[in-house]
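Read the structure below first, then the notes.
Values quoted throughout were computed directly from the atomic coordinates according to the rules given, and no laboratory measurement underlies them. Worth saying up front: this structure is predicted, and the values here are computed from it rather than measured. Neighbour counts are summed over all protein chains in view; Cβ atoms, including those assigned to glycine, are modelled from backbone coordinates with ideal geometry.
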Amino acid sequence: MAFSPNASQVDDGLKSELAKKGIVVTTLNQLYNWGRRSSIWPMQFGLACCAIEMIATACARYDIARFGAELFRPSPRQSDLMIVAGTVTKKMAPQVVRLYNQMAEPKYVITMGACSIAGGPFIDGYNVLRGIDRYIPIDVHLPGCPPRPEALLYGLMELQRKIDGQEIETTEWYQKGLKREYPIPDFGPHGLIPKFNPEVWNPRETENRKERYGEPILIGRKDKAPNLDLPPAPPRSAAPAPAAPPPEPAS
Amino acid sequence: MLSTADLKTKIEAAIPGTTLKLVRESLLLENPNDLLKVARFLKESDLGLDYLSSVTGADYLTYLESVYHFYSMAQKSGPVVLRVRTDRQNPQIPSLTALYRGAEFQEREAYDMYGIVYEGHPDLRRVFMWEGFEGWPMRKDYQQEDSETLEMADVAWLENQGVKVPEPIKAKAEELEKQGKRALAQKPGQPEPQ
Ligand code: SF4
């Protein structure tokens, strides 16, 4: 959905002038969005290490309550926001999609960490989904491994900005025929079926990874195995020290 | 605690017919069928190795290996490392579950990842991957699927769910199907000359 700041019709200067006199001018949209943005209830679930950082954000030091999102609900029926905090394994992905389907409208998703965005350090693994955005739409992507609590707060503020830009007449969840339930992938013989949902995600046309970092360096680690009959290779630290620099020429 | 070489002599003397080989700091059991006898000796003799801390699978390209780490809780000694080798085509090793209950899930894991069949295991099923998964993902020749290219099974599934699949993606899947190929991820590279 397009982001547009929800500007009020009333001139800002006039508004603050009136506020000093104790008169508050607002629009229905602003009031409505203010209410929604100030009490986002996130869903209480974490999948891996990023969840620890999410917990830290909810604790006293970073205190997500300052943004009105402190009420972590243990049920998808009661939450507005799903923070996908951690590695989405292929075994877990159907449950994550199912939880998304069970959430009531309006619903938002933040992917927290490199893992839930694109697989993170496990991108080449047989067991980890390369990003939950293959099956459900995402509102805010939050990179990092893990993102610091400040970053999660920033992600939440971005989401609040997005909520501010929505209007009652045009929001999706008041429209007819809104479909925000996505098919839940099945376990197949080699991975999930389907590998992605083309309604939500399509393969990139350019290989960003290759463009940025060049061809992968193939070191053939999978074609080699140590020979146990040979003595073990010396540890790196035992390598001969570099030769001492030549002595200063005597002056 | 005996040294590994002394342990080797001791086991070979106690169980006639077993041959062990020193591999670095561990003992390689030449005949996998002796495993149960050797493990029973380790557990019940005065060595008292009553705790099997890990059962690990390993792929050495020409053979598969199962590695056992034994400790003694009573004598606070260990580990004694035992290796058992088996071939890749038909890997079979006797199960230690009857002797050490803790081996049950670890053997299931090694079966799940490497396809080593532990004979005599009470419940040898996959433990991490789901039922119906094919292949042994930790073996070095495991061919991973290409997660960017849909296959005909995916397309059929999506259309069954009422999702419209874009033409180019569908065409690619049909092309693969016609050639009888799977969409596979890039192969592991050639080894560097050593
Ligand atoms: S992004 Fe990093 S910190 Fe977060 S779940 Fe993945 S590995 Fe863990």
Here, chain B modelled as identical Cα point scatterers in vacuum has Debye log10 I(q)/I(0) at q = 0.19 Å⁻¹ of -1.27
Straight-line reach check, A:Lys179, cutoff 12 Å on alpha carbons, 8 or more apart in-chain or any other chain, hits among aspartates and glutamates -> A:Glu105, A:Glu199
Reduced to Cα centres, the span from the stretch A:175-199 to the stretch B:52-95 in Å works out to 41
Rounded to the angstrom and largest first, Cα extents along the principal axes for the stretch A:97-199 equal 45, 36, 19
Taking B:Thr19, B:Thr62, B:Thr149 and counting other beta carbon atoms within 10 angstrom, the fewest-first order is B:Thr62, B:Thr19, B:Thr149
In a Gaussian network model of chain B with springs linking alpha carbons closer than 10 Å, the residue among B:Glu159, B:Glu174, B:Glu131 that fluctuates most is B:Glu159
Kirkwood Rh for the stretch B:143-187 from C-alpha pairs, in Å, is 10.8
Excluding residues fewer than 8 positions from A:Lys224 in its own chain, the aspartates and glutamates with Cα under 19 Å of it are A:Asp124, B:Asp59, B:Glu65, B:Asp87, B:Asp141, B:Glu192
Everything considered on the Cα gyration tensor (a ≥ b ≥ c; rounded for a/c under 1.5, else prolate if a/b is larger than b/c, else oblate), the protein assembly as shown must be described as prolate
Under 17 Å between C-alpha atoms, the lysine pairs in the stretch B:143-187 lying 8 or more places apart or on different chains count 4
Put in order of increasing Cβ neighbours within 10 Å, starting from the fewest, A:Val25, A:Val97 give A:Val25, A:Val97
A correct fewest-to-most ranking of A:Glu158, B:Glu44 by other Cβ atoms within 10 Å would be B:Glu44, A:Glu158
